Amino acid sequence: MKYLMNTFSTIAILAIFSLYASCTSEPPKEPTDLTQEVIIPKPVSVTASGGAFTLTETTKIFTQSDGEELDQIARHLSNYLSPATGFDLPVESAGSESDDGHILLQLNDSDTELGEEGYELNITEDALTLAAQQPAGLFRGLQTIRQLLPSGIEKDSLQEMSWKIATGTIRDYPMYEYRGAMLDVARHFFQVDDVKRYIDLIAYYKLNHLHLHLSDDQGWRIEIKSWPKLAEYGGSTQVGGEGGGHYTQEEYTDLVQYAQDRFITIVPEIDMPGHTNAALTSYPELNCSGKAAELYTGIEVGFSTLCTDSEVTYQFVDDVIGELATLTPGPYIHIGGDESHATPMEDYIPFVNRAQEIVLKHGKQVFGWDEIANAELVDNAVVQYWAEAENATKAIEQGGKVIMSPATKTYLDMQYDSTTELGLHWAAYIEVDSAYIWEPTNMVAGVDREHILGIEAPLWSETVTNMDEIEYMAFPRLIGIAEIAWTSPVDRQWEDYRTRLGQHAPYLKALEIDYYASDLVDWKSYE
């Protein structure tokens, strides 16, 4: 009987311990080898020295020099680390104080290899030093620091654990200058807070551009004061017929600043001459018939066109581009130009030529989908390849730069497979491996590394209605595309990446990303 009681007691204790263990968060990370840590995108080089730096309640963040931008980056780091650690992590200018256990952010103009966005992270047992040539590089380095700490660092409540980082040195800089994501806010409208959430997530993976598709047949999403009905009426609905919405100019300005504070450039798109039904419903004079079109809430494409023979159309384009250029500090205005099936080519080419000149008039650089290469491209035009290889080649022949957004690899609204409830599959089914196993320089013959400005992953929103659905379709595919944009092809292999992505799962969980858990990846347990 005594034996049975002892057995029952042991079983009960084990059961309680097991239940406790299953409810606790990730155990404290005890790093010893920096080369074994998971960093996505993969850095240029990592060397280990076998020790650990410990973040404590006495840690401070020092900036090497005074300056609002550097202080703001340091405050970002403090804000990232404080909620989970409970540490105050004050930001101070570096002076004579040399106590151990602190973090130093510094700019080093002489390290030209790092470029605009590279960084060097030196970690010893006594200090963590993040150096960069430019402030953007410091911000990219902050994201690496976050991934080197236990995943609990991403939680917004106090986590009782040790905060250690393995010692060594990381040198890192991007492969491509332009690394972007596109969010279609026209088919379905997404509120300011959702867009800010997306900005935070893409910044975490070192992307640096957010392309906002602000107008389409189903909705016009930006206030234009000289043409107020565009947003008031053209923005009143969305796919499916529910109420739409739009950003006031003040809200748009806030979004632009929020992105800029995270070293992300907003690229606004006004699609034309096709994908313009929302504008055509708002102002009848934009139609060749002089009659307003009906609001449209379906998902077909290619049926709408501005009246390219009318001077009113070009006054409209000038006014819209002018207001948008004033609101947008970034260099680009995206003029769309895709799927203008209702516009004969003999009308399309003159329209695109005039639209480009209007963009230049307002001090911005032309950006457009690959079809605009059928026109006479202005100097420094950027052509976004999504479908027609011939158009990408035409852009190169005219001296343009190319953004690689092949629909078969980067379109995040494509279904993962035939069982995916959201999304479409007209371009392809894109599983997590397919989104990663491609090389930008091998997509189009004649479009080589020197022709490619960067990579962008668009997310169209015909079937995507809320933030959870955005996250499910974007992640984890966007993570792999971010690595393609950042990391040299010689350092990218699927088997290595799928392992690292699986080990990254606790960070996705801590960030509360509603991601697609592909069976192709061995996802690490959260506990």
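What follows draws every value from the coordinates through simple rules; no lab data is involved. This structure is a prediction, so every number in the text was calculated from the model and none was measured. Ideal geometry is used to build each Cβ from the backbone, glycine not excepted, and the neighbour counts take in all protein chains shown.
As a calculated quantity, the FRET efficiency between Ser82 and Ala389 at R0 = 45 Å, using C-beta atoms, amounts to about 0.35.
Counting only DSSP beta bridges whose two residues both lie in segment 83-230, roughly 50 percent are antiparallel. The rule of thumb for compact globular proteins, 2.2 N^0.38 Å, goes into the C-alpha radius of gyration of segment 188-347 1.03 times.
Protection proxy ranking for 200-211, 398-409, using the average of other Cβ atoms within 10 Å per residue and placing the highest first: 200-211, 398-409. The gain in end-to-end length when the Asp200 to Asn380 segment is fully stretched comes to 61.9 nm, 0.36 nm per residue minus the alpha carbon separation.
For the chain, DSSP calls about 30 percent of its internal beta bridges antiparallel.
Taking K and R as +1 and D and E as -1, what net charge do the other residues with C-beta under 9 Å from the C-beta of Ala373 add up to? Combined, the nearby Lys, Arg, Asp and Glu give -4. Dipole check for segment 347-413: with +1 at the C-beta of Lys and Arg, -1 at the C-beta of Asp and Glu, and the Cα centre as origin, the magnitude is about 280 Debye. Mind checking segment 246-276 for GluC sites (Glu not before Pro) that DSSP puts in a loop (not H, G, I, E or B) and that have at most 15 other Cβ atoms within 10 Å? Taking segment 246-276 and a limit of 15 other Cβ atoms within 10 Å, no loop GluC sites (Glu not before Pro) are found. Here the simple spin-label model places points 7 Å from the Cα toward Cβ, and for Ala428 and Ser45 these points are separated by 3.4 nm. For segment 468-512 versus segment 232-246, the inter-centroid distance based on Cα atoms is 33 Å.
Using the rule -39500 (n - 2.57) for each DSSP H run of four or more residues, divided by the residues of the chain, the 222 nm mean residue ellipticity is -10000 deg cm²/dmol. Each peptide in 334-347, 274-287 gets a packing score, the mean of other Cβ atoms within 10 Å over its residues, and the list from highest to lowest is 274-287, 334-347. Round to the nearest 0.05 the FRET efficiency obtained for Glu294 and Glu232 when R0 = 25 Å and r is the Cβ-Cβ distance. After rounding, the FRET efficiency stands at 0.90. For segment 123-180, the Cβ-based charge dipole about the Cα centre amounts to some 180 debye (Lys, Arg positive; Asp, Glu negative; other atoms uncharged).
Within the chain, helices built from complete DSSP H runs that reach 27 Å or longer along their own axis (Cα positions) and carry a mean Kyte-Doolittle hydropathy of -1.0 or higher are 2-23.
Relative to the Cα centre, the charge distribution of segment 127-248, modelled as +1 at Lys and Arg Cβ and -1 at Asp and Glu Cβ, gives a dipole magnitude of about 460 debye. Direction-averaged projected area, Cα convex hull, segment 200-270: 5.2 nm², rounded to one decimal. Applying 0.36 nm per residue to the separation of Thr169 and Thr58 and subtracting their alpha-carbon distance, the gain on full extension is 37.6 nm.
Semi-axis lengths, largest first, of the ellipsoid equivalent to the chain are 44, 27, 22 Å, with √(5λ) applied to each eigenvalue of the Cα gyration tensor. Considering only alpha-carbon pairs that sit under 8 angstrom and 6 or more positions apart, the relative contact order computed for the chain is 13 percent.
Most tightly packed first, judged by the mean number of other beta-carbon atoms within 10 Å of their residues, the peptides 133-141, 67-75 read 133-141, 67-75.
Based on the Kirkwood approach, the hydrodynamic radius assigned to segment 393-527 is 15.8 Å, with every pair of different Cα atoms included. For the set Lys42/Lys206; Lys155/Lys509; Lys229/Lys291; Lys60/Lys164; Lys164/Lys206; Lys409/Lys524, the pairs lying more than 21 angstrom apart at their alpha carbons are Lys164/Lys206; Lys409/Lys524. Both numbers refer to the Cα atoms of segment 67-124; Rg and Dmax are 13.0, 37 Å.
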